[in-house]
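K.L.:
Starting off with a structure, shown below.
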Amino acid sequence: MIERFKTILLVGLIGLSIYLTYLIWFGSPYLEEGMLPRFEYAYFTPLPPPELLLPPAKAILERAGAQEIYYFRRGTRELEAVWKDSFRFLSRELPVALGERLGETELAKITETALFTLQFVFNPPLPESFLWGRRAFPGELSSVYLLKGAEEHYVLLVGEDKVLYRLQAEEENFLEGALAPFLDQQNLRAEKLPEQFVLQIVSFPDGSGETAVSLHLTAEEAPQEAEEAAADAGEGTTEGSGEEGEEETPGGEEAAAAAEPGAEEESREPGWAGDPPLELNGAEEPSSGTEAPVLEQWQITVPQPLYIPGKLEAREISLVQETLPRKDLVHAFFLDPAMARRIEERDGAIYYTDGKKGLRLYAGGALEYTAPGLEVFPNRLSYASALLQAAENQCLYGGWPAGTFLERREKTSAGYRFFWRSYFYGLPLLRTDSSCEMLVNDKGMPYYRRNFYLYAGEARGVFLPFAPYTHALFQVIALHRPLFAGEEATLLAVEPVYRLLRNGPGAGLIAVPAWKVHYAETGPVYLHWYTLKPL
Amino acid sequence: MDFSRAKTVLIAAFFCLNLFLLYQIWLEESSGNPGLFGQREEVSRLETALQEASLSLEVSLPRGGLRAAHLVVMPWQPALEEVARDFWLFLQGQEGDEALWSESEFHIIEEDEHKGIVYSWGEREIKMKGEGSLSFLRALQGLSRDKVGVAAEEMAKEISFLRDFVYDYKVEAPEEVILRYYQKYEGFPLYAGYLQFTYREGADGDIDLYRLEPLGFAEQQREVIPPATALWRFLEAYTAKQEFPAAIIDFGLGYYSKEYDAQRWEIAPVWRIRLSNGEIYYINAFTGYLEN
């Protein structure tokens, strides 16, 4: 028994001596090496699926030679559903489809004769490799078209090149199938503004002897269409006038006052009706056969396609600034939180730094992170890799809030700079800065700024329709008349948005629905969605 | 053969050998060196790297295996008039009388967001910057070059808020002498806090003061990087840019941070490396990063 114990002890001592000799010979591992395994990724939110990393900015469906236009806005369930289906379809079909580069004439023939055209517009562009699921495709796509011709179906990828893919016969019905649930939704119907049109302000006598004003939008290059439009507008007025007497809108007063100094109040159709005329003083417009004197006639040029979404209603919402758990954030940004020293600044912000990188957490909830050591010139990271890295960072450093979309990217020598924006009910929240900004390069993330506003769960007021866009167009002209040379204007954008406003000192934040009207002459102007008062 | 006896002898021999090896490891761990044979290689590599950087090591590296925590500080926010009066009383020496301290002599002459506030103080001026640093301009009057050291030592001893400052080093130039003191807290040099006397030949000298109010150490202690590692990190930052030979004349552990205009902050322990050419480098003793 004792001999057995001695043997075991001797073997143990020999083993220990070998181990100690090893320690002396090679030394203990360095402290830094010993710390590496402590780093653990703790994502605030899971990474979105590939198709939702960069969903389209909008989708436009044109049927029957552009007679029917459907507009899918970013941030809506409809666009997400259509895009998810289409993404799966494209990922499956593109690798087996036959791609060809056609001349502009042939392409135009196919697109013009298509019975169905679904266009996904990407801004920022979509890395082509996302569609193929392989990194071998370095291209960037600004648009993806799904086309149904009389006999064949096509996919047209538009980037630096235009490549047309003819689809297999058994997939021909995909487009109609995917879109069928949406074709009867009136809120998706939209109008495409002509490249040039005339905005007419027409005067006619009302019953009380005063002058009323009507707005007409007429396509300049198609006189017969303009007449039809004017006639339609007249009918619309007649239909609308029955309802209008019941509801008076104080905000229209502003537009009326701007349009006609003598006018005192306005009554108008509450809903969006494509191209309704603006009526003042509760007067009825003359019948379509009556010729009314034209007070003003503005030539509007639209240099790029603009789509006006269909019937829209919105209401104000209360917002709160996002606040993230501080401890988790510090954990996310630093290898070892104990390495980061804390600096309490006089403005209430808390700054963490380990000497190489700094994280500033503002009192309100915003955060800013800088790591100057990671700046690199020139950046060699590809756009697709940078985008994936940015998405991962977003989920790691605070999470990807619902309703947040990548809105802009800038390619610089230092890397890709990405900007995100929040959307509520399909409307972008416009503010002086972006919700989030990140610089990504092949060394990492040298800069990150995050300042999201979240829905506070409190809606304000009731849903009200957006005022007709024609009124918004004229309201901006009336408000900024000295900026226009002659009765001509170049319209760059008109879109429904949310505008962030501070609801008085210490009273929180509200997002007010607004028309964003951007003339080249005025810059962007924001008007209250219902009253058209400038915001 | 008596196997039992042989095993006993072997057990005794290996036991002694293990004791010796453990002792060796303990010695090396406590001196902060990575290993007996590894140490030789490490020293050899370090010497080569130092030579390549035109540097020589004139001090022995301190012991490693230390643990430390962040130091929490806040800016020192004294009543400036009292600070000025204490200086004035000291500089007046025997003739100093508190009753003679005229408040009317002490008033603001300039207030600027970037420059800070400038107070007039008789012929002297005091500048106070936002982050709390003070400059006493023309404070040292009528002193000869060899008396500056004595005056500085007395001042650090006599003036109450300077008593935690300890002499650090002197830089001598033909026209100028600089005496530098660091603040001390719980036995550790707080390099971020300093007291500096600048003597100029034929002109009045200045005093610069930046004092911190230490609030205590943070709870979590952790091991600091060994001095050899800090030296490597320093060499990584230093190597490329030096043309003239220099020597490392001081290598010590303390606390250092930039001057912040903040309410309170944590300061990391640093290995301070001072060179004969006047340059000073601070290597964060937790992260190994060079502190700017």
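The values are calculated or read from the model by the stated rules, or taken from the named source; none is laboratory data. Keep in mind that what you see is a predicted model, and the values were worked out from it rather than measured. As a convention, Cβ positions derive from the backbone with ideal geometry for all residues, glycine included, and neighbour counts pool all protein chains shown.
K.L.:
In region B:2-20, what count of residues is obtained for those that are facing chain A (nearest Cβ under 8 Å) and closer than 11 Å to A:Leu10 by Cα?
P.N.:
Adding up the residues that qualify gives 6.
K.L.:
Among the residues of region B:272-291, what is the count of those that are polar (S, T, N, Q) and more than 12 Å from chain A (Cβ to nearest Cβ)?
P.N.:
2
Here's the yes/no breakdown for (1) more than 32 Å from the chain's Cα centre (by Cα); (2) modelled with pLDDT under 75:
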position: B:Ile11; (1), (2): yes, no
position: B:Asn18; (1), (2): yes, no
position: B:Glu28; (1), (2): no, yes
position: B:Gly32; (1), (2): no, yes
position: B:Gly38; (1), (2): no, yes
position: B:Pro75; (1), (2): no, no
position: B:Phe90; (1), (2): no, no
position: B:Glu98; (1), (2): yes, yes
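K.L.:
Looking only at region B:259-278, decide whether some residue is β-branched (Val, Ile, Thr) and either within 13 Å of B:Ile225 (Cβ to Cβ) or touching a helix residue (DSSP H, G or I) at 6+ places or on another chain (Cβ under 7 Å) (or both).
P.N.:
Checking region B:259-278: at least one residue is β-branched (Val, Ile, Thr) and either within 13 Å of B:Ile225 (Cβ to Cβ) or touching a helix residue (DSSP H, G or I) at 6+ places or on another chain (Cβ under 7 Å) (or both).
Residue-by-condition table, conditions (1) in contact (Cβ under 8 Å) with a residue 12 or more places away in the chain; (2) out of contact with any Phe, Trp or Tyr (no Cβ under 6 Å at 6 or more places or on another chain); (3) surrounded by fewer than 17 Cβ atoms within 10 Å (Cβ to Cβ):
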{"site": "A:Ile300", "(1), (2), (3)": "yes, no, no"}
{"site": "A:Ile308", "(1), (2), (3)": "yes, no, no"}
{"site": "A:Ser318", "(1), (2), (3)": "yes, yes, no"}
{"site": "A:Glu322", "(1), (2), (3)": "yes, no, no"}
{"site": "A:Arg326", "(1), (2), (3)": "yes, yes, yes"}
{"site": "A:Arg341", "(1), (2), (3)": "yes, yes, no"}
{"site": "A:Arg346", "(1), (2), (3)": "no, yes, yes"}
{"site": "A:Ile350", "(1), (2), (3)": "yes, yes, no"}
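K.L.:
Before we move on, is B:Glu176 surrounded by fewer than 14 Cβ atoms within 10 Å (Cβ to Cβ), over 15 Å from B:Val150 (Cα atoms) and more than 11 Å from the chain's Cα centre (by Cα)?
P.N.:
Judged against the criteria, B:Glu176 is not a match.
K.L.:
Moving on to the next point. Filter region A:321-359 down to the residues that are part of a strand (DSSP E or B), more than 8 Å from every other protein chain (Cβ to nearest Cβ) and within 19 Å of B:Met74 (Cβ to Cβ) and list them by number.
P.N.:
Across region A:321-359, the qualifying residues are A:Ile350, A:Tyr352, A:Thr353.
K.L.:
Checking B:Phe165 against (1) within 30 Å of B:Arg67 (Cα to Cα); (2) among the aromatic types (Phe, Trp, Tyr); (3) in contact with an Asp or Glu (Cβ under 8 Å, 6 or more places away or on another chain), only one condition comes out false. Which one?
P.N.:
The single condition B:Phe165 does not satisfy is (3).
K.L.:
Same structure again: Among the residues of region A:334-361, count how many are aromatic (Phe, Trp, Tyr) and modelled with pLDDT of 90 or more.
P.N.:
Total meeting the criteria: 2.
K.L.:
Going by the structure shown, is A:Phe377 touching a residue at least 24 places away in the same chain (Cβ under 8 Å), in a strand (DSSP E or B) and outside the structural domain of A:Phe122 (by TED's automatic domain parsing)?
P.N.:
Judged against the criteria, A:Phe377 is not a match.
K.L.:
Among the listed residues A:Arg460, A:Arg449, which satisfies the condition of being surrounded by fewer than 20 Cβ atoms within 10 Å (Cβ to Cβ) and either on the phi > 0 side of the Ramachandran plot or out of contact with any Leu (no Cβ under 9 Å at 6 or more places or on another chain) (or both)?
P.N.:
Answer to the selection: A:Arg460.
K.L.:
Return only the number of the condition from (1) within 14 Å of another protein chain (Cβ to nearest Cβ); (2) free of Cβ contacts under 8 Å to residues at least 60 places away in the same chain; (3) under 22 Å from B:Lys127 (Cβ atoms) that B:Asp261 does not satisfy.
P.N.:
Of everything listed in (1) within 14 Å of another protein chain (Cβ to nearest Cβ); (2) free of Cβ contacts under 8 Å to residues at least 60 places away in the same chain; (3) under 22 Å from B:Lys127 (Cβ atoms), B:Asp261 misses just condition (2).
K.L.:
Let me ask something else. Filter region B:131-153 for residues that are more than 26 Å from B:Ile249 (Cα to Cα) and either at pLDDT 90 or above or more than 21 Å from the chain's Cα centre (by Cα) (or both) and give the result.
P.N.:
B:Phe136, B:Leu137, B:Arg138, B:Ala139, B:Leu140, B:Gln141, B:Gly142, B:Leu143, B:Ser144
K.L.:
Please determine, by comparing only the residues of region B:118-154 that are among the β-branched types (Val, Ile, Thr) and free of Cβ contacts under 8 Å to residues at least 12 places away in the same chain, which one is surrounded by the most Cβ atoms within 10 Å (Cβ to Cβ).
P.N.:
B:Val118
K.L.:
A:Ala391 is checked against (1) modelled with pLDDT under 90; (2) among the small types (Gly, Ala, Ser); (3) within 19 Å of the chain's Cα centre (by Cα) and fails just one. What number does that condition carry?
P.N.:
The one condition A:Ala391 does not meet is (1).
K.L.:
Scan region B:136-143 and give yes if some residue there is among the charged types (D, E, K, R) and under 16 Å from B:Asp208 (Cβ atoms), otherwise no.
P.N.:
There is at least one residue in region B:136-143 that is among the charged types (D, E, K, R) and under 16 Å from B:Asp208 (Cβ atoms).
K.L.:
So, restricting to helices (runs of 4 or more DSSP H) that lie completely within region A:1-70, which ones have at least 1 residues that are within 14 Å of chain B (Cβ to nearest Cβ) and modelled with pLDDT under 90?
P.N.:
Helices (runs of 4 or more DSSP H) meeting the threshold: A:2-26, A:31-35.
K.L.:
Give the number of residues within region B:157-177 that are assigned to a helix (DSSP H, G or I) and more than 17 Å from B:Glu213 (Cα to Cα).
P.N.:
Within region B:157-177, residues that are assigned to a helix (DSSP H, G or I) and more than 17 Å from B:Glu213 (Cα to Cα) number 2.
A quick yes/no check of all residues on (1) more than 14 Å from every other protein chain (Cβ to nearest Cβ); (2) within 19 Å of the chain's Cα centre (by Cα); (3) within 21 Å of B:Ile283 (Cβ to Cβ):
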site: B:Thr198; (1), (2), (3): yes, yes, no
site: B:Ala203; (1), (2), (3): yes, no, no
site: B:Asp206; (1), (2), (3): yes, no, no
site: B:Leu209; (1), (2), (3): yes, yes, no
site: B:Glu213; (1), (2), (3): no, yes, no
site: B:Phe217; (1), (2), (3): no, yes, yes
site: B:Gln220; (1), (2), (3): no, no, yes
site: B:Trp232; (1), (2), (3): no, no, yes
